[in-house]
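Working notes, beginning with the structure itself.
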Amino acid sequence: MNRVRVWLLLAVAALVALPALAASPVWKVSKDGAHFFVGGTIHLLSEADYPLPPGFDQAYRQADTVVLEMDAEVLQSAEFQRAVVAGSTYKDGRTLEQLLKPKTYRALQQHLSSRGIPAAGMMNLKPGLLSTTLTVLELERLGLAGIGVDQHFSRRAGGDRKKRLYLETAQQQLAYLTEMGVGREDQLIAYTLRDMEQLPVLMRDMKAAWRQGDNDGLRKLALKPLRRDFPRAYRSLIVERNRAWMPRIEAMLATPEIELILVGALHLVGREGVLARLAAKGCVVEQL
């Protein structure tokens, strides 16, 4: 998956050496006798990615509540679909043909043609939604766009009648996507198309790092390129959302329930990640 999308499909490393004792992308966070669990997720997986790393089941069995980024069921609602249509295109009549360099525009047309994707529905999309759509369609073509960690545990929690909470709304996530790449349309689409051919290898390597909870590997592979090439997107998609979530996450240490918090793996990575922020607040963070 292209490096701008890894936050969504993890959202999104070169194969890392596995540690002698396998870790998992799940952490126990404790403070003043209370604790919850935080798991880094990939939002789309293939059947071959199951079973999940054992840390997930270990945390889920102890959890009373599952906390997700958003309620995915809302995505199917008529209200949300109308919001997608309303926010997906420019309101001033601009099109990608006007905003992309001729070389990038031709490459986009060629890619759509090679995949049998009708161009008519794509050429007026804002760059963030177009990039996301192209990546998801490619993952589907490769058989890599099945149920991810979030949906897996949302369904499981529903069946087990465990409480589900959400850190943000689907409309908020849509707003992040519709604004991503605006003003840098050519760079984002060229980046997406260039990385498309590397998608199978990149996904394989991302998953290898993710399964081991190798946050440094994920930082080098995904977070560092995102911050370097798209600093504005990095701040809005990662840093600002992490900051917005923190009051709600911290408050969970004051509840009698044990929570399992599931967010895209890149939100746990780096100095501005959720785990580092919790440690800075005096929490003890232990990898399962």
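Selection of region 222-253 for residues being in a helix (DSSP H, G or I) and either of a type in the set (Asp, Glu) or farther than 29 Å from Ser30 by Cα (or both) yields Pro225, Leu226, Arg227, Arg228, Asp229, Pro231, Arg232, Ala233, Glu240, Glu250.
Residues in region 215-273 that are over 21 Å from Gly33 (Cβ atoms) and among the β-branched types (Val, Ile, Thr): Ile238, Val239, Val263, Val269. Restricting Arg248, Arg219 to those that are out of contact with any strand residue (DSSP E or B) (no Cβ under 9 Å at 6 or more places or on another chain) and on the phi < 0 side of the Ramachandran plot reduces the list to Arg219.
Does region 22-29 contain any residue that is among the β-branched types (Val, Ile, Thr), surrounded by 16 or more Cβ atoms within 10 Å (Cβ to Cβ) and modelled with pLDDT under 95? Checking region 22-29: not a single residue is among the β-branched types (Val, Ile, Thr), surrounded by 16 or more Cβ atoms within 10 Å (Cβ to Cβ) and modelled with pLDDT under 95.
Checked against (1) surrounded by 21 or more Cβ atoms within 10 Å (Cβ to Cβ); (2) in contact with a helix residue (DSSP H, G or I) (Cβ under 7 Å, 6 or more places away or on another chain); (3) small (Gly, Ala, Ser), Ala59 passes all but a single condition, namely (2).
Scanning for something surrounded by fewer than 19 Cβ atoms within 10 Å (Cβ to Cβ), modelled with pLDDT under 95 and hydrophobic (A, V, I, L, M, F, W, C), does region 158-166 turn up at least one residue? Within region 158-166, none of the residues are surrounded by fewer than 19 Cβ atoms within 10 Å (Cβ to Cβ), modelled with pLDDT under 95 and hydrophobic (A, V, I, L, M, F, W, C). So the check is Cβ under 9 Å with 6+ separation or different chains; which pairs have a first residue in region 267-288 that's at positive phi and a second one that's outside any helix (DSSP H, G or I) and of a type in the set (Asp, Glu)? Between residues of region 267-288 that are at positive phi and residues that are outside any helix (DSSP H, G or I) and of a type in the set (Asp, Glu), the close pairs are Gly282/Asp32. Considering region 68-115, the residues that are under 19 Å from Glu168 (Cβ atoms) and of a type in the set (Val, Ile, Thr) include one that is modelled with the lowest pLDDT, namely Val84. Out of the residues in region 31-45 that are of a type in the set (Gly, Ala, Ser) and surrounded by fewer than 16 Cβ atoms within 10 Å (Cβ to Cβ), which is farthest from Ile261 (Cα to Cα)? Going through the qualifying residues, I end up with Gly33.
Within region 104-127, track down each residue that is basic (Lys, Arg) and closer than 18 Å to Leu188 by Cβ. Selection gives Arg106, Lys126. Number of residues in region 74-107 that are of a type outside the set (Gly, Ala, Ser), surrounded by fewer than 13 Cβ atoms within 10 Å (Cβ to Cβ) and closer than 30 Å to Val149 by Cα equals 5. Inside region 255-274, residues that are part of a loop (DSSP other than H, G, I, E, B) and within 16 Å of Phe153 (Cβ to Cβ) make up a count of 2. Restricting attention to region 247-272, the residues being more than 13 Å from the chain's Cα centre (by Cα) and surrounded by 15 or more Cβ atoms within 10 Å (Cβ to Cβ) number 10.
Within region 143-166, being farther than 14 Å from Val67 by Cα and of a type outside the set (Val, Ile, Thr) holds for Gly143, Leu144, Ala145, Gly146, Gly148, Gly159, Asp160.
The values are calculated or read from the model by the stated rules, or taken from the named source; none is laboratory data. If you're wondering where the values come from, they're calculated on a predicted model, not measured in any experiment. Virtual Cβ from ideal backbone geometry, glycine too; neighbours counted across all protein chains shown.
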